[in-house]
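Accompanying notes for the structure given below.
Any read-out appearing in this document is the output of simple, stated calculations on the displayed coordinates, not a laboratory observation. Everything numeric in this text was worked out from a predicted model, so none of it was measured. Neighbour counts run over all protein chains shown; Cβ positions are idealised from the backbone, glycine included.
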Amino acid sequence: MKSKQYSPNETVAWRNLEALAQDSTKTTIADLFKSETDRAEKMSVEIGGIVLDFSKNLVSQDVLSELMALVDESNLETHRDAMFAGESINSTEDRAVLHAALRAEPEDANTPQEKERNRLVKTQLDHVREVSEKIRSGGWQGSTGKSITDIVNIGIGGSDLGPKLACNGLAEFAHPDIDIHFISNVDGAEILTTLAKLNPETTLITVASKTFTTQETLLNAKTAINWFETKLGLSSAQSSPHFIALTANRDNAVSYGIPESQILEFAEWVGGRYSLWSSIGLSIAISIGFERFSDMLAGAREMDLHFRTAPIDQNMPVIMAVLGIWYTNFLNAQSSAVIPYCERLLLLPSYLQQLDMESNGKSTTLEGEPVSYNTGPILWGQTGTNGQHAFFQLLHQGTRLVPIDFIAAVNDNLSNKEHHRVLLGNMLGQSSALMMGQPAPKNQPYRFYEGNKPSNTLLMNSLSAKNFGALVALYEHKVFVQGSLWNINSFDQWGVELGKKMANELLDAEHSDGNLDPSTKRLFNHIDSNSL
Ligand code: F6P
């Protein structure tokens, strides 16, 4: 990858944006609407089944132009092309970043390398199709010859959040006779209470782990093996029809005792937090069927093509990314909120927390220097209308700037007209109130709504598998653009290593005394002497 020397805060656009940020306090979003009569039409883009309205942002057309100039001065185009070409853009792990190849069609592959990759992905996804269809049709049987009624996906981080989000989000299409459960936390109460409700004869465990080394996942898998032994008297080899591995590390899964034919592989170049499109998504394919799983991939591919080809000022991921940069780096926002007005997308904020904060929670540049500007914001959220009765008070009258993404589906087959109108009316009412504000009545300063609170609104036609895929890919690319503009590596996660190491050292009695800080040592002793 031949990138030019680049530091975002040394660009002309950055300096111009700093000057514009000084002026921005003089204007409100409401004023901008008054002076730009076509603002709502102009600041809206549509791709596939998703519309983004970004007119309720605290940006003038001058700010937008400078944000686009910042993109022009960056290495975004080079980085984007290098990612899609399969270069090792994850430099600290010397790895390509090719989750988009999981949703590519044969016609997207031009070079011999791309064609080979396409064939590999097809073989791996064919395996997902074959296994998911066998389970869905009742053809996959447990050790006593019964069909599967319950899947327990054991995995954490990307091996949990994506499949869990998709299975919940696409519940409209769920198989009527198969329930999917997700166990991620090493907190034993989770797996033990879940298993206690299930019939081992009809339960299948999918052990989802890219590395097949993750402590939480392997301990939970061991507990599941013990459960089959206690309940059905099965040795670990005999319980094998109840286990499938989803991994990029075949050898570790084999050593763990999973039969080769029950290991569904994916490639090393799929990052954990980008892996729902791979065999890690088996639970999704079991739940909604492989055809709909393919629709999800098709929606993501549509977003990939849009991201690769649309001009930057019409490019949905680029627009959302630069707006985030405006708030983070120029208006000093510390966090951003995602508020889906759809209870089935309850897990979207958690999913995006990993995607965004594990990707862009970095402070070292691609050249290994400390950054001299803020990077990824704290992402949080909850569904509306529930959030309205919890934290919206702070959004309306608190002292902090929190840009928001409102997300909803225009149509919902699982709801009815009355509920859905009220739900969407609430979303639009909130975004409008946050932007417009209201003066305080006489002698009631506590009823003052400052307004001028920015938001995006994303409207899907419906929460179809295709639109869901496009929505997730939109955020993947948004995070990529921001990482590129901040000149950081969005694809490693070294920050999570130290805590893991310390936990392991602490659990190892030999090391637990010597190296611990006094506070941790005291707490550890307290636990030891008080545990029953
Ligand atoms: O939290 C670190 C991490 O490596 C994530 O990036 C990943 O999704 C998760 O752990 C689980 O890893 P694995 O799929 O290898 O078990």
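At-a-glance table
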| read-out | value |
| --- | --- |
| Rounded to 10°, Cα long-axis angle of helix 417-436 versus longest principal axis of the chain | 50 degrees |
| Cα→Cβ-extended label distance, 7 Å offset, between Glu18 and Ile527, nm | 4.6 nm |
| Residue-by-residue Karplus 3J(HN,Hα) for region 5-22, coefficients 6.51, -1.76, 1.60, Hz, glycine and proline x | 4, 8, 9, x, 7, 10, 8, 5, 4, 4, 4, 5, 5, 4, 5, 5, 5, 4 |
| C-alpha center-to-center spacing [region 39-61, region 490-510] in angstrom | 43 Å |
| Separation of alpha-carbon centers, region 161-207 and region 210-285, rounded to whole Å | 14 Å |
| Overall dimensions of region 131-210 by Cα: Rg and Dmax, Å | 12.7, 33 |
| Kirkwood-based Rg to Rh ratio, region 352-449, C-alpha trace | 1.10 |
| Anisotropy class of region 1-125 from Cα gyration tensor, a/c 1.5 cut | oblate |
| Three-way shape label, region 407-513, alpha-carbon gyration tensor, a/c 1.5 | prolate |
| Where a label projected 7 Å from the Cα of Ala390 along Cα→Cβ would reach, residues of region 429-453 with amide N under 20 Å | 429-431, 434 |
| Estimated FRET transfer efficiency (Ala174, Thr223; beta-carbon r; R0 30 Å; 0.05) | 0.70 |
| C-alpha center-to-center spacing [region 288-326, region 433-481] in angstrom | 19 Å |
| Relative contact order computed over the chain (Cα-Cα under 8 Å; 6+ residues apart), in percent | 19 percent |
| Local electrostatic count, Ser24, Cβ distance below 13 Å [Lys/Arg +1, Asp/Glu -1] | -4 |
| Förster radius 22 Å - calculated FRET efficiency between Asn416 and Glu41, Cβ distance, rounded to 0.05 | 0.10 |
| Computed helical MRE - 222 nm, the chain, DSSP H runs ≥ 4 contributing -39500 (n - 2.57), nearest 500 | -13500 deg cm²/dmol |
| Spacing of the two label points (7 Å from each Cα toward its C-beta) at Leu428 and Gln113, in nm | 4.9 nm |
| Angle between the chain longest axis and helix 465-485 axis [Cα atoms, degrees, rounded to 10] | 70 degrees |
| Spin-label pair Thr230/Val51, simplified geometry with 7 Å Cα→Cβ offset, distance in nm | 5.5 nm |
| Chain lengthening between Leu331 and Gln215 when straightened (0.36 nm per residue, less Cα-Cα) | 37.7 nm |
| Given Lys501/Lys521; Lys56/Lys417; Lys26/Lys453; Lys2/Lys210, the pairs whose alpha carbons are separated by over 18 Å | Lys56/Lys417; Lys2/Lys210 |
| Calculated Rg and Dmax of the chain using C-alpha coordinates, Å | 24.5, 77 |
